[in-house]
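Contents: one structure, followed by commentary.
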Amino acid sequence: MTTQRDYHNYHPEHFHPEMAAKEETNKSPYYIAVSPICVTSKFSTPGNGLFASRAFQPGSLIFSSPRPLVAALDPDRLLDTCANCFLWTIEASSYGIENASVSACMGCKTFRYCKKACQKEAWNRVHKHECKAYKNANKQFPHALRVTMEILTRRYYEKLDDQTWQLICGLSTHMDDFKKNGRFADIQLAAKSVVSDFPHFDTNIIEEMYCRVLSNTFTLVTATFDTLGLMFDPTFAYINHSCDPNAYVVMDGPEVSLRSLRPIEKDEEIIISYIENTYPYSRRQSELKESWFFTCNCSKCAQGFKTIEDEWEIPPSKLSKEWKKKADELLAIQSPGDANYVGDTEDELRVAALQAEVWRICEEEQKLTEQVAAQDLITSGLQLCKSSRLWPDHRQPYHALREDLIVSMLSAGHYSAALPYCAKGYRDVLPILHPEKAHPVRVVQTWRTAKLALYLAAEPDKDLGLDMPMVSLMLVNEVEEMVKLSHGESSSLAKLVHARWLECMGEMQRAMGDAAEWFVNEMIPKQRQAFLKMADLAEY
Ligand SMILES: C[S@@+](CC[C@H](N)C(=O)[O-])C[C@H]1O[C@@H](n2cnc3c(N)ncnc32)[C@H](O)[C@@H]1O
């Protein structure tokens, strides 16, 4: 068994990722080396990053791993998602898995599994060493703490090899930054709360690893970007950030892949976005500083307020009297803060106050579980964006609020009401925010629209003035081409889309016989135009 001393033998200062990386370069599609874009928050030691060992075309797989090293589900997802293969039972039927369910581990009753094989795999990987701790603990640990304890437990029981452990220990902990920003007290408390259930580890070891985990985890998602929890994987954790990334991470069940968004040259650094990179400059900078401890100097941030993400529909000076008054009332209560900074003039301060209010509404509505109340709040945010005349369709969070409205309409069963908003996103927003046609977010949002169109096509009573079977075929057709690049041809999502495409074509052939192909080629462009016009019906 590994002793506590061994943890210190692999302390970052003894580790040189570049050396380890050089040996790997020949075999691997990437290597780890000192990153020129990255300096630590203390600006003293250079950080590392992941570099391409060869060139990649856009839409290529750079590398994938059958599962992240460690992942932890969100508290709600612990109840309905397999803790081993991350099958989310709520979504399973859309992948053809009927009656999916999960059963709790009889010991700890904390983790659930979709089948015996998953339970066995998790048991052998780590759970046999932690089950008792979770059973005895009469509290639920935060997911990042669960990730921390799994890493330490696996190392303790020799289930993490030296190379992986070295990679982990080479990652920055940002402990000093946590001490400076006041979050270290909570980290210490969390470490204390867990130490009695995991007696093999000192609190200082837990604290250090917890800081490392907090600084290096990414969101665990489904193939369509629904959040499931947190993932930690030392290779992925070496990838640095850019608001103008050349790559992105997608998941397919437990499989996690890094794919290229743009051409990447040999020896170019591979960069992903840690945050929602469609947000305005000040918000992006604020989030990166607060959660990741750095000032972003990427190609997008270098342009400051001059990119499309920071466009206003009218200049701040043209704000109407009514909205100036509303902004002054908001300013009297609260300062808009750094995340909403627009400029120092009186008018810019007012615009910042209105912007802060829209973001407040956006954050507030996401916390609400009661549907009607959430939809009312979403509508009030949309109303503010629209009637102040400040927000162009693509400026966030106008688009995010519209997306939340669609989700809320769909869950209330108002399918046809949601379609114009989907058309609006498709026509007016996605091509601006994500100009790459195979951008995974664009593909996923178009797929949601295609599924809605398929549903409406099967409801012939609703006359929406569109040939819905043709509109759905047009959308499925488009996603079918793009998903191969965004998620990979062999991904579950690509297979699912292909199956729907075959069904649509089959139906068309049954109805039209030999004329089907001619008809489709003739009709798709016309129905596309009709669908695009539908965007004009969206109120916001
Ligand atoms: C997930 S880690 C990436 C690996 C890290 N460079 C290392 O060597 O441990 C995230 C940390 O890397 C640094 N980082 C990532 N992207 C950066 C960027 N664009 N500019 C400056 N620092 C960055 C920050 O310190 C951030 O907290």
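Distance from the Cα centroid of the range 213-230 to that of the range 319-342 is 34 Å (rounded to whole angstrom).
Listed values for the range 119-136 are Karplus-derived 3J(HN,Hα) couplings in whole Hz (6.51 cos²θ - 1.76 cosθ + 1.60, θ = phi - 60°), namely 4, 5, 4, 5, 4, 6, 5, 7, 4, 4, 8, 10, 4, 4, 4, 6, 5, 6, and x replaces Gly and Pro.
Rounded, prolate or oblate, given the Cα gyration tensor of the range 426-540, with a/c below 1.5 counting as rounded? Oblate.
Ordering GLN527, LEU377, VAL102 by the projection of their Cα atoms onto the charge dipole of the chain, which places +1 on the Cβ of Lys and Arg and -1 on the Cβ of Asp and Glu, puts VAL102 at the extreme positive end.
Which entries of LYS179/LYS300; LYS266/LYS484; LYS120/LYS159; LYS135/LYS179; LYS179/LYS289; LYS120/LYS495 show an alpha-carbon separation above 26 angstrom in the structure shown? Over 26 Å Cα-Cα: LYS179/LYS300; LYS135/LYS179; LYS120/LYS495. With the highest mean first, a sort of the peptides 116-125, 94-103 on other beta-carbon atoms found within 10 angstrom per residue produces 116-125, 94-103.
Put the Cα centre of the range 175-210 next to the Cα centre of the range 519-540 and the gap is 56 Å. Between ARG54 and ARG262, the FRET efficiency estimated from the beta carbon spacing at R0 = 22 angstrom works out to 0.90. Relative protection proxy for 133-145, 207-219, from highest mean packing down: 207-219, 133-145 (other beta-carbon atoms within 10 angstrom).
Phi-derived couplings, Karplus 6.51 cos²θ - 1.76 cosθ + 1.60 at θ = phi - 60°, listed residue by residue for the range 483-499: 5, 5, 7, 6, 10, x, 4, 8, 6, 4, 5, 4, 5, 5, 5, 4, 4 Hz, with x used for Gly and Pro.
Between rounded, prolate and oblate, where does the range 303-413 land on the alpha carbon gyration tensor, with a ≥ b ≥ c its root eigenvalues, rounded for a/c under 1.5, else prolate if a/b exceeds b/c? Verdict is prolate for the range 303-413. Below 17 Å Cα-Cα, how many Lys pairs turn up in the range 303-413? Only count pairs eight or more apart in sequence, or on different chains, if you could. Qualifying lysine pairs in the range 303-413: 6. Neighbour counts of C-beta atoms inside 10 Å place VAL256, VAL443 in the sequence VAL256, VAL443, starting with the fewest. Separation of the range 63-111 from the range 435-503 is 26 Å, based on Cα centroids.
Charged neighbours of LEU384, selected by a Cβ distance under 11 Å, balance to +3 (K, R count +1; D, E count -1).
In plain terms, the C-alpha convex hull of the chain casts an average shadow of 27.5 nm² when viewed from every direction.
Values quoted throughout were computed directly from the atomic coordinates according to the rules given, and no laboratory measurement underlies them. Since this is a predicted model, take the numbers as computed values, not measurements. Cβ atoms come from the backbone with ideal geometry, glycine included; neighbour counts cover every protein chain shown.
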